[in-house]
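The values are calculated or read from the model by the stated rules, or taken from the named source; none is laboratory data. Note that the coordinates shown come from a computational prediction; the quantities given were computed from them, not determined experimentally. Glycine gets a Cβ as well: all are built from the backbone with ideal geometry, and neighbour counts include every protein chain shown.
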Amino acid sequence: CEDLDAGEAEVIALTQTCKDAVALIDEKKGRRLSREHGLSVVGTLGILLRAKRRGLISAVKPLMDTLSATGFRLSDALYQDVLHRAGEGESRRGRGATRGRGALEATRAPFFPGRPLRPLASAPRSALRARAQAASERAHVPFSGRAAAAALLFDDGVWAPGVRVESASFSLTIPPALNAYTTAVASGRRAIVAAAFSRPVRRVERAFLDDLPGGPFRMPGEHVCVADGAAPLPSPRRRLTPFLDDGPVETPRAGTARARSLARNRALVPASRFPVGGVLAVAGRLVPGVNVEPHADPARAEWTHVLCAERNALGTACSYGLLGAGAADDPEASSEAPSGNDAPTAPALYLSCPEAPSGGSPCGACRQLLVELLPRGGLWMDRAPPGGAPERARPADLLPGSFQGTSLPRGAPSA
């Protein structure tokens, strides 16, 4: 998936919500994505040609010269082609640039009649939805083929992606919003101000959001939920970086020590009071995971919404293109990944259960997802006493004869 600039993402999202709208985009990447979504696209030069044909400007050449002089990238071939289409014949570039600047100012009146532009209140929501739609390309949906994603927004403009992660054991599928929220919790964040989805919000997703800290949420559109009483939403400026940055794991004991610290400092376990932490070393990154019981009121906890540290880390890795069907499709994740000796040769997951006398072990649900998503990975589990030698296992050792879903239909969207 190619991440767009915030402005281009907002343009695409707004165009999708407005009937008969046309997206004004010059960047090739944004134009291609717009067309893939079935949108009409026009560039700056196309606007100039339309303006001349409607008599709003007398010539396009002075305006193109001004654009070129101010850094607008314009090849000679395209320059001459636009002049030809405008009926102005072939002419050398660069002449009349000073006069062109005044002509450019004069053409603004018909389009913006004397009123300063104000940012649209819906722009942050539309941009957040565009982030969710882009993230959906990293969804791990080998069985249904129905890609879906969510994007959660925080009050400082940081946003967190979450993709649908399917399992051969269908009921263990990780929903997008739960995936995104557990990613945020493992990164030290909890209160969100808005959520957007790549497809219309479902009732169960709205109910999940309403029970989070900061809820309940209202729906200003079928793809977006906003926290009641939230201040004007910030634009989603920066994607959350969940990875640990304190250097590579030198030894298994060092890995489980980091997992133990995560469990004690970031696990959200108001009902069970059983913190678990995990560190997934994959593709040169260290992905954190903790147990997350997301409901604000432990008495109303819905246990189907609880995600263990192992599945938390696996879900985050899928959302960021490090595991699953979308692996290597995220340019940010791949371009920032360490190389050389810092990149492990095989994935490894380090686990710690500080409150378990024997050190604990992955539950059945986590074992199933580990077998599916980390089949060749190593698993290191903390063992008592604290600081003792970690125990090593492979996912297949923990779940012999696991269900792989080899006979299930794959990749065909269901009705």
Practice item. Hey, can you tell me all the residues within region 270-301 that are among the hydrophobic types (A, V, I, L, M, F, W, C) and either within 23 Å of the chain's Cα centre (by Cα) or part of a strand (DSSP E or B) (or both)? Key: Val279, Leu280, Ala281, Val282, Ala283, Leu286, Val287, Val290, Val292
**Study point:** Selection count, region 148-165, where residues are more than 13 Å from the chain's Cα centre (by Cα) and surrounded by fewer than 24 Cβ atoms within 10 Å (Cβ to Cβ)
**Key:** 4
Check your understanding: So how many residues does region 215-228 have that are closer than 16 Å to Pro124 by Cβ and either in contact (Cβ under 8 Å) with a residue 12 or more places away in the chain or in a loop (DSSP other than H, G, I, E, B) (or both)?
Key -> 9
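Got a sec? Which of Arg190, Arg206, Arg202 is farther than 17 Å from His295 by Cβ and not hydrophobic (A, V, I, L, M, F, W, C)? Full working, then the answer.
On the way: Arg190 fails: farther than 17 Å from His295 by Cβ; Arg206 fails: farther than 17 Å from His295 by Cβ.
Of Arg190, Arg206, Arg202, the one residue that is farther than 17 Å from His295 by Cβ and not hydrophobic (A, V, I, L, M, F, W, C) is Arg202.
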Check your understanding: Pairs under 8 Å by beta carbon, first residue without any contact (Cβ under 8 Å) to a residue 60 or more places away in the chain in region 43-71, partner surrounded by fewer than 20 Cβ atoms within 10 Å (Cβ to Cβ) and polar (S, T, N, Q), six or more apart or different chains?
Key -> Ala51/Thr107; Lys52/Ser58; Leu56/Thr107; Ile57/Thr107; Lys61/Ser91; Leu63/Thr107; Leu67/Thr44
Practice item. Just give me the residues in region 278-293 being on the phi < 0 side of the Ramachandran plot and out of contact with any Asp or Glu (no Cβ under 7 Å at 6 or more places or on another chain), in sequence order. Key: Val279, Leu280, Ala281, Val282, Arg285, Leu286, Val287, Pro288, Val290, Asn291, Val292, Glu293
**Study point:** Search result, residues across region 240-285 that are touching a Lys or Arg at 6+ places or on another chain (Cβ under 8 Å) and either closer than 18 Å to Leu322 by Cα or buried (at least 18 other Cβ atoms within 10 Å of the Cβ) (or both)
**Key:** Leu240, Phe243, Leu244, Val249, Pro252, Leu268, Pro275, Gly277, Val279
**Study point:** Of residues in region 34-43 being closer than 22 Å to Leu78 by Cα and within 22 Å of the chain's Cα centre (by Cα), the one surrounded by the fewest Cβ atoms within 10 Å (Cβ to Cβ)
**Key:** Arg35
Exercise for review: Name every residue in region 13-32 that is modelled with pLDDT of 80 or more and in a helix (DSSP H, G or I), in order of residue number.
Suggested key: Lys28, Lys29, Gly30, Arg31, Arg32
Exercise for review: Exactly one condition in (1) modelled with pLDDT of 90 or more; (2) among the charged types (D, E, K, R); (3) closer than 13 Å to Leu286 by Cα is not met by Glu222; state its number.
Suggested key: (3)
Point to revise | Matching residues in region 162-203 - criterion: being in contact (Cβ under 8 Å) with a residue 24 or more places away in the chain, of a type outside the set (Phe, Trp, Tyr) and in a helix (DSSP H, G or I) | key: Leu172, Pro176, Ala177, Leu178, Asn179, Ala180, Thr182, Thr183, Ala184, Val185, Ala186
**Study point:** Any hit, region 262-269, residues being aliphatic (A, V, I, L, M), touching a residue at least 40 places away in the same chain (Cβ under 8 Å) and assigned to a helix (DSSP H, G or I)
**Key:** yes
